[in-house]
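Have a look at the structure below, then the notes.
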Amino acid sequence: MTVRDLSRRGVLMLGAAGVAVAAAGCNRFGGSGGDAPPSDSGDGGGSGGASGTVNMAWWGDASRAELTEAGLDLFREASGITVTTEFQSGSAYDDRMAVRFAGGNPPDLFAARRERLRDFGDRGSLLELPVGDGIDVSGVPESVLNSGKVGDAQYGIPFGVASVAWVIDAALYEEYGVAVPDMASWSWDDFTEAAAAVTDASDRAVFGADYPLDDFLTMGVWLRQRGQDIWNPDGTPGFDEDAITEWFQMWVDLRDAGAVPNGGDVEDLGAAAEQSAIGRGLVASSSMPSNSYGVFNPAVGGTLQMGFFPGESQAERRGHQIIPGGHWSISATTDAEEAAAQLLDFLVNDVDANVTIGVTRGAPPDAEVAAAVGETLNDDDARSVAYLGELGEFELVAPVPDPVGTSELSAALGTASERLVFGQSTPQEAAAEVMAVFA
């Protein structure tokens, strides 16, 4: 299935329309966020007539929570609805949600990870959302919105979109006398040749590229360029053993050409940009989530160039996708359905709130909101938003909710990749190890 995603002018490019929307300062209740007084009781309704208290939960650190609370204050003041919140980082959030759902006390509105949405939906834990009747999604591209569906039911609304990109440290390429390829039109052969040239010119002090075999985003681009995918819309595997064998063989070919390091040659010291291989100048290019550009580019001194994956212009179809970072969902047992839906509508559509919250979760999925937020960003974050607009010029494959079994596939891919790069298996053996998940 291919669909028209985002248009450059109408969705995410920064422009005059975004300035106009931002200047208006409009929100879902009319006027600016502070114009409507709150209810004295704390449970009075806003313009949508909702009342009560909404308990809301999400994952993230304290800085994200601070920004989110500032955005929620606009909703509280304008609607009179009480919003209580909680957040936790990493796997602790997943553990907490599991306990709350198992105990019959889930949040009313919560952030659902992409890989958990189908599981929640299949278990009957989520409310089918009233899109178009209480939640306005007219500005969200259909392909992005569809990623929140399980079957025909809309169980999630994306709360931030991003994609995967390729980045090149232009300073390292220049230092070693290698021209930076045109990332709008380069082929996989162009990529291999340029990366190998950097490795050779630096006498292996810097490798031309990092190629993460165990990364779903990177592998997904590569598979879609070849007419396959990680998952089919029905949740079955979207690739065959021949394709995954070729995926592993490609890394072997890149290693043999000198384009990428062998196992143990380069090590990430941590998740932070400054601890990564590209942040430490050990590799000159890598794949990267587009919304990470604003963190990684300053870490290398502002010399990263961001563009499309190799092979995009030559492939039978584009491999990139515009992917939600996660979804806002409402629990099926909520006692505050109307108020939770009103809050969710606010999070999707309110300009002031999204400007306040920023792009820590990715770019807003709504067209005008994203343009307005883009006008407030620094150059690096604005580049990551504009990159999504560039992708939106193409026909892209719509993402589907990750099915049950995604975590098992991810673990198998990681184990098989590690064994391959350390010379403990062949591409054929690594592929068989991955496919054994579906046996």
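The values are calculated or read from the model by the stated rules, or taken from the named source; none is laboratory data. Note that the coordinates shown come from a computational prediction; the quantities given were computed from them, not determined experimentally. No Cβ is skipped: glycine too gets one built from the backbone with ideal geometry, and neighbour counts run over all protein chains shown. What goes into the accessible areas is simple: the full protein's heavy atoms, side chains included, and nothing from ligands, DNA or RNA. Shrake-Rupley method; radii C 1.70, N 1.55, O 1.52, S 1.80 Å.
The residues listed here are Ala430, Ala412, Ala398; of these, the one that is open to solvent by less than 10 Å² (accessible area, probe 1.4 Å), touching a helix residue (DSSP H, G or I) at 6+ places or on another chain (Cβ under 7 Å), aliphatic (A, V, I, L, M) and under 23 Å from Asp210 (Cα atoms) is Ala430. Assess whether Ala179 counts as being closer than 28 Å to Gln225 by Cα, touching a residue at least 12 places away in the same chain (Cβ under 8 Å), open to solvent by 50 Å² or more (accessible area, probe 1.4 Å) and in contact with a helix residue (DSSP H, G or I) (Cβ under 8 Å, 6 or more places away or on another chain). Judged against the criteria, Ala179 is a match. The residues listed here are Ile157, Ile168; of these, the one that is under 13 Å from Ala341 (Cα atoms), open to solvent by less than 40 Å² (accessible area, probe 1.4 Å) and in contact (Cβ under 8 Å) with a residue 12 or more places away in the chain is Ile157. When Gly405, Gly325 are checked against the criterion of being within 21 Å of Phe216 (Cα to Cα) and within 15 Å of the chain's Cα centre (by Cα), Gly325 stands alone in meeting it.
What is the residue count in the range 232-245 for residues that are within 18 Å of Glu433 (Cα to Cα), open to solvent by 20 Å² or more (accessible area, probe 1.4 Å) and outside any helix (DSSP H, G or I)?
So the first thing to find is which residues in the range 232-245 are within 18 Å of Glu433 (Cα to Cα), and the list is 236-245.
With open to solvent by 20 Å² or more (accessible area, probe 1.4 Å) added as a condition, the list becomes 236-237, 240-242, 245.
Next, from what is left, pick out any that are outside any helix (DSSP H, G or I): 236-237, 240.
Count: 3.
Taken as a whole, the structure places Ala165 among residues that are aliphatic (A, V, I, L, M), within 30 Å of Met250 (Cα to Cα) and part of a strand (DSSP E or B). The residues on offer are Asp200, Asp240, Asp214, Asp229, and the sole one that is out of contact with any strand residue (DSSP E or B) (no Cβ under 7 Å at 6 or more places or on another chain), closer than 28 Å to Ala363 by Cα and not aliphatic (A, V, I, L, M) is Asp214. Restricting the range 411-425 to residues that are in contact (Cβ under 8 Å) with a residue 40 or more places away in the chain and in a loop (DSSP other than H, G, I, E, B) leaves a set whose member that is nearest to Ala162 (Cα to Cα) is Phe422. Only one of the listed residues (Asp380, Asp350) is under 17 Å from Val131 (Cα atoms), of a type outside the set (Ser, Thr, Tyr) and modelled with pLDDT of 90 or more. That residue is Asp350. Applying the set (1) surrounded by fewer than 16 Cβ atoms within 10 Å (Cβ to Cβ); (2) out of contact with any helix residue (DSSP H, G or I) (no Cβ under 8 Å at 6 or more places or on another chain) to Asn262 leaves exactly one unmet item: (2). How about the range 282-304: which of its residues are more than 16 Å from the chain's Cα centre (by Cα) and surrounded by fewer than 19 Cβ atoms within 10 Å (Cβ to Cβ)? If the condition is that a residue be more than 16 Å from the chain's Cα centre (by Cα) and surrounded by fewer than 19 Cβ atoms within 10 Å (Cβ to Cβ), then Leu282, Pro298, Ala299, Gly301, Gly302, Thr303 are the ones that fit.
In the range 247-259, the count of residues that are open to solvent by 10 Å² or more (accessible area, probe 1.4 Å) and modelled with pLDDT under 95 is zero. Taking first residues from the range 276-295 that are under 18 Å from Ile323 (Cβ atoms) and partners that are among the hydroxyl-bearing types (Ser, Thr, Tyr) and surrounded by 19 or more Cβ atoms within 10 Å (Cβ to Cβ), the Cβ contacts under 7 Å between residues at least 6 apart in sequence or on separate chains come to Ser287/Thr218; Ser290/Ser163; Ser290/Ser384; Ser290/Tyr387; Asn291/Ser384; Tyr293/Ser384; Gly294/Ser384.
I'm checking my understanding of the structure. Among residues of the range 89-138 that are acidic (Asp, Glu) and without any contact (Cβ under 8 Å) to a residue 60 or more places away in the chain, which one is farthest from Phe346 (Cα to Cα)? Please lay out each step first, then the result.
Pass one, the range 89-138, residues acidic (Asp, Glu): 94-95, 108, 115, 119, 122, 128, 133, 136.
Imposing the further condition that a residue be without any contact (Cβ under 8 Å) to a residue 60 or more places away in the chain reduces the set to 94-95, 128, 133.
On the way: Asp94: 25, Asp95: 28, Glu128: 18, Asp133: 13 Å.
Ranking the candidates gives Asp95 first.
State which residue is modelled with the lowest pLDDT when the search covers only the range 182-215 and only residues that are aromatic (Phe, Trp, Tyr) and either open to solvent by 50 Å² or more (accessible area, probe 1.4 Å) or within 21 Å of Asp265 (Cα to Cα) (or both). Restricting to residues being aromatic (Phe, Trp, Tyr) and either open to solvent by 50 Å² or more (accessible area, probe 1.4 Å) or within 21 Å of Asp265 (Cα to Cα) (or both), the top hit is Tyr211.
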